[in-house]
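Structure first, then comments.
The values are calculated or read from the model by the stated rules, or taken from the named source; none is laboratory data. A quick note: this is a predicted structure, and the numbers were derived from the prediction, not measured. Using ideal geometry, Cβ is built from the backbone for each residue, glycine included, and neighbour counts are taken over all protein chains shown. Accessible surface areas use protein heavy atoms only, side chains included; no ligands, DNA or RNA. Shrake-Rupley method; radii C 1.70, N 1.55, O 1.52, S 1.80 Å.
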Amino acid sequence: MHRVQILGTPRSTYVRVCCIVAIEKGIDYELVPVPLHAPVVERLHPFGKVPVLRHGDLVIVESRAIVGYLDRVFPGPKLIPEDPVAAARVEQWVSLVNTTIDPVLIRRYALGYVMPGTPDGTPDRARIDASLPEVERHLGILADAVAENGHLVGDGFTYADANLVPMLQSLTKLPESGAIIARSGALTAFLAKHAARPSVAAMTNPPTA
Ligand SMILES: N[C@@H](CCC(=O)N[C@@H](CS)C(=O)NCC(=O)O)C(=O)O
């Protein structure tokens with residue numbers, strides 16, 4: 001059987017999510033570290049984004065689709081539970097994070113530091129400052145959601161948790177979001193709990209492309 005390849009820079013939270021899921025499943029996969037908009041990515045993804053999965057001749061894009069494929073095709077623990085209610089709750093949190101929370105916390109706030117688009121490359125203060133009330137609100141919603149037991153759904157590690165950990169890890173490195181997370185007992189406990197997992201440890205500060 002062909003080896004699964006995940007293409008993309010490990011700086012991307014969504015690339016790290018797919019790798020965490022692959023490791024949790026025990027898949028003998030290969031992370032192919034290519035920079036954003038590498039020619040191979042432009043060729044394989046209609047919008048030139050990462051992650052991209054290659055498995056033999058099969059190409060799949062979008063982290064949700066990639067995770068669904070890995071979870072269904074490979075043995076190992078189910079990251080999307082069989083139980084319909086638990087599965088719906090996982091989908092709910094993945095969708096909330098991907099469509100509502102990531103656009104605020106990563107695209108609007110974090111990229112104001114990391115890819116500011118300013119003439120001299122310094123952080124885009126206006127964009128960052130304008131995002132802060134929403135950053136605080138979204139992190140508060142996440143803190144409430146994991147406060148009970150350190151999981152978004154049920155009492156075990158699911159795709160919902162795997163999808164959130166890399167984003168929060170990246171946010172700990174930025175001043176305002178880092179301070180909010182440090183003040184939140186629930187978010188700090190969530191990150192500490194999952195940092196101990198081999199899958200998460202392998203994708204924490206990985207070499208970047
Ligand atoms: N919805 C996509 C999001 C992928 C995405 O936004 N990837 C970013 C890196 S985290 C990217 O490739 N950005 C390049 C760009 O938008 O031009 C997924 O879940 O895979």
Can you tell me which condition residue 117 does not meet? The list is (1) outside any helix (DSSP H, G or I); (2) away from the ligand (no atom under 16 Å from the Cβ); (3) open to solvent by 30 Å² or more (accessible area, probe 1.4 Å), and all the others hold.
(2)
So, residue 77, is that one more than 16 Å from the ligand (Cβ to nearest atom), touching a residue at least 40 places away in the same chain (Cβ under 8 Å), under 30 Å from residue 1 (Cα atoms) and open to solvent by 60 Å² or more (accessible area, probe 1.4 Å) or not?
yes
Being surrounded by 13 or more Cβ atoms within 10 Å (Cβ to Cβ) and in a helix (DSSP H, G or I) is the filter here, so list the residues in the stretch 142-157 that pass it.
142, 143, 145, 146
Within the stretch 120-141, take every residue that is open to solvent by less than 10 Å² (accessible area, probe 1.4 Å) and of a type in the set (A, V, I, L, M) and give me the one that is nearest to residue 187 (Cα to Cα).
139
In the set 36, 105, the lone residue that is hydrophobic (A, V, I, L, M, F, W, C), under 26 Å from residue 123 (Cα atoms), touching a residue at least 24 places away in the same chain (Cβ under 8 Å) and surrounded by 20 or more Cβ atoms within 10 Å (Cβ to Cβ) is 105
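Quick one: would you say residue 172 is among the polar types (S, T, N, Q), open to solvent by 10 Å² or more (accessible area, probe 1.4 Å) and touching a residue at least 12 places away in the same chain (Cβ under 8 Å)?
Numbers: among the polar types (S, T, N, Q): yes; open to solvent by 10 Å² or more (accessible area, probe 1.4 Å): yes; touching a residue at least 12 places away in the same chain (Cβ under 8 Å): yes.
Judged against the criteria, residue 172 is a match.
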Across the stretch 1-43, the tally of residues that are closer than 18 Å to residue 97 by Cβ and either away from the ligand (no atom under 16 Å from the Cβ) or not assigned by TED's automatic domain parsing to the domain that holds residue 72 (or both) stands at 1
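Within the stretch 87-95, identify whether any single residue is under 16 Å from the mean Cα position of the chain (by Cα), in the same structural domain as residue 142 (by TED's automatic domain parsing) and among the acidic types (Asp, Glu), and answer yes or no.
Yes, there is a match, as at least one residue in the stretch 87-95 is under 16 Å from the mean Cα position of the chain (by Cα), in the same structural domain as residue 142 (by TED's automatic domain parsing) and among the acidic types (Asp, Glu).
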